[in-house]
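Quick notes on the structure that follows.
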Number of protein chains: 2
Amino acid sequence: MKISLIGSGNVATHLAQALNQHFAIVQIFSQNLVHAEQLAGLVGAHAINDVSQLEAVDVYIVAVSDRAIESMADQLAPYVQHALVLHTSGSVDIDVLKNASTHTGVLYPLQTFSKAKQVDFAQVPLLLEVAIESDREKLQHIASTLSTRIYHYSSAQRRSLHLAAVIACNFSNYLYTLANDYLDEQQVDFDLLKPLIVETAAKISHHAPHSVQTGPAVRGDLAVLDKHFDMLTDKAELQQLYELMSQGIINRHKA
Amino acid sequence: MKISLIGSGNVATHLAQALNQHFAIVQIFSQNLVHAEQLAGLVGAHAINDVSQLEAVDVYIVAVSDRAIESMADQLAPYVQHALVLHTSGSVDIDVLKNASTHTGVLYPLQTFSKAKQVDFAQVPLLLEVAIESDREKLQHIASTLSTRIYHYSSAQRRSLHLAAVIACNFSNYLYTLANDYLDEQQVDFDLLKPLIVETAAKISHHAPHSVQTGPAVRGDLAVLDKHFDMLTDKAELQQLYELMSQGIINRHKA
């Protein structure tokens, strides 16, 4: 099976190198020819910066930034018809590829990549989707050479996963920021909290999060809740958040 | 220096064993004599369940539940005058000991203890407070035999630390719960998020949390924020939280 990559960023770089163990990587396209050449050199492919130079291969993988995928697919359309065209994004629908080919799919590696850091692809969860059921086997075959952790999810499910990641990860980090800001103001060393924060996150590897909830809200300790609420009297944002989260915890554990 | 322990729970058990390496543990008081005897046996002390049997020692450590500390201190008053009386709680003021003795203090080990699990006390942060400055040296001496991580913080600072721990740890765990509940409903495996959650917490060991904030809010990606907001239309609590947290992140990074 012959594969070409559209893009030369972090995801394209890691994918091309991992796929090169099992497949022929034919061309690397990038608008920046120097970037295309750097990656092409690593995998024995040809670098191009003009889509009209694309050769016919079995699979094109569009690994560009989320907002560039759709226009890239439109540009590819005349050259990639009948091939399988994939994108690699967690938050973009499979539909945006529809102008490029009738055979489209998604190969989304759920991991943060940086160019410098080696990635053990075998441990990276891969989320797959195809527009036409008959393409599933081909995509599954490609994915199975990369990782043992393969999931078949729809675009809607990928979107839900992204939203859940924002809630569980981005918002947690914001809570750490709020705690850090507050402790700086009270001249208390934020370092003291770090082991507890790491332990809190580590615990959910082996327990459902609701089953390891601790703190005054789940204990129904109204004296502490009232005291904390008073301590935040002149901090409107923290106070509102404190009330909302505590009430949420109380409701979640009432059932 | 002679020390007696009031209490036979997790903190009392770990403290008594650690202190026994350097000091004579004279008596263990517990209302439940069997519990007192169990701990007394471990450290070569005498078990009592009647405060009037307390012998004169240099330091009494009150390691009982938060809400029992004040009434325990009142009961101790006739027997412990002139000795140093300590409690071990993060969320209780030093003042609640004032009826027991003029020499009072706090020795708060910032760690979750369970009876079964061994604790390496040398790594446990100890937060110290004294009511009278002249007692600081004695408390510092006791603490320094237990741990190298010693902090001198006021009752107000300990309270702030506790509030910050609720925000950073208890509320994070609630965010994990919300993400888990949401993904269950969307038939997406919550396990997929676990490595990201652990990595998010681990990152703050080496970076200020505000400097490693990621996600649509800090990128100012209004298209994604709007899409997520719409996805939560029939989930009032999640939607309100999403808006509050995203707005908070945007404001925090505007400066």
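Key figures for this structure:
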quantity: Any hit, the range A:35-47, residues being charged (D, E, K, R) and either more than 16 Å from A:Ile142 (Cα to Cα) or in contact with a helix residue (DSSP H, G or I) (Cβ under 6 Å, 6 or more places away or on another chain) (or both); calculated: yes
quantity: Selection within the range B:185-201 - facing chain A (nearest Cβ under 7 Å), open to solvent by 50 Å² or more (accessible area, probe 1.4 Å) and not in a loop (DSSP other than H, G, I, E, B); calculated: B:Val198
quantity: Test: A:Thr233 is among the hydroxyl-bearing types (Ser, Thr, Tyr), within 25 Å of B:Gln123 (Cβ to Cβ) and out of contact with any Lys or Arg (no Cβ under 7 Å at 6 or more places or on another chain); calculated: no
quantity: The range A:238-255, subset more than 8 Å from every other protein chain (Cβ to nearest Cβ) and of a type outside the set (S, T, N, Q), residue nearest to A:Lys227 (Cα to Cα); calculated: A:Glu243
quantity: Tally, over the range B:33-49, of residues that are in a strand (DSSP E or B) and open to solvent by less than 20 Å² (accessible area, probe 1.4 Å); calculated: 1
quantity: Residue in the range A:204-222 that is nearest to the chain's Cα centre (by Cα), counting only those that are more than 8 Å from every other protein chain (Cβ to nearest Cβ) and part of a helix (DSSP H, G or I); calculated: A:Ser211
quantity: Residue count for the range B:17-32, restricted to those that are free of Cβ contacts under 8 Å to residues at least 40 places away in the same chain, outside any strand (DSSP E or B) and either under 15 Å from B:His87 (Cβ atoms) or open to solvent by 20 Å² or more (accessible area, probe 1.4 Å) (or both); calculated: 4
quantity: Options B:Ile197, B:Ile204, B:Ile167, B:Ile250; residue that is in contact (Cβ under 8 Å) with a residue 24 or more places away in the chain, over 30 Å from B:His22 (Cβ atoms) and of a type in the set (A, V, I, L, M, F, W, C); calculated: B:Ile250
quantity: Qualifying residue in the range B:128-135 (condition: out of contact with any helix residue (DSSP H, G or I) (no Cβ under 8 Å at 6 or more places or on another chain), within 14 Å of chain A (Cβ to nearest Cβ) and part of a helix (DSSP H, G or I)); calculated: no
quantity: Tally, over the range B:132-142, of residues that are of a type in the set (A, V, I, L, M) and either under 22 Å from B:Val11 (Cα atoms) or open to solvent by 80 Å² or more (accessible area, probe 1.4 Å) (or both); calculated: 2
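The values are calculated or read from the model by the stated rules, or taken from the named source; none is laboratory data. Predicted, not measured: the structure shown is a model, and the values here were computed from it. Quick reminder, even Gly has a Cβ in these numbers, built from the backbone with ideal geometry, and neighbours come from all protein chains shown. SASA here: full protein model, heavy atoms, side chains in, ligands and nucleic acids out. Shrake-Rupley method; radii C 1.70, N 1.55, O 1.52, S 1.80 Å.
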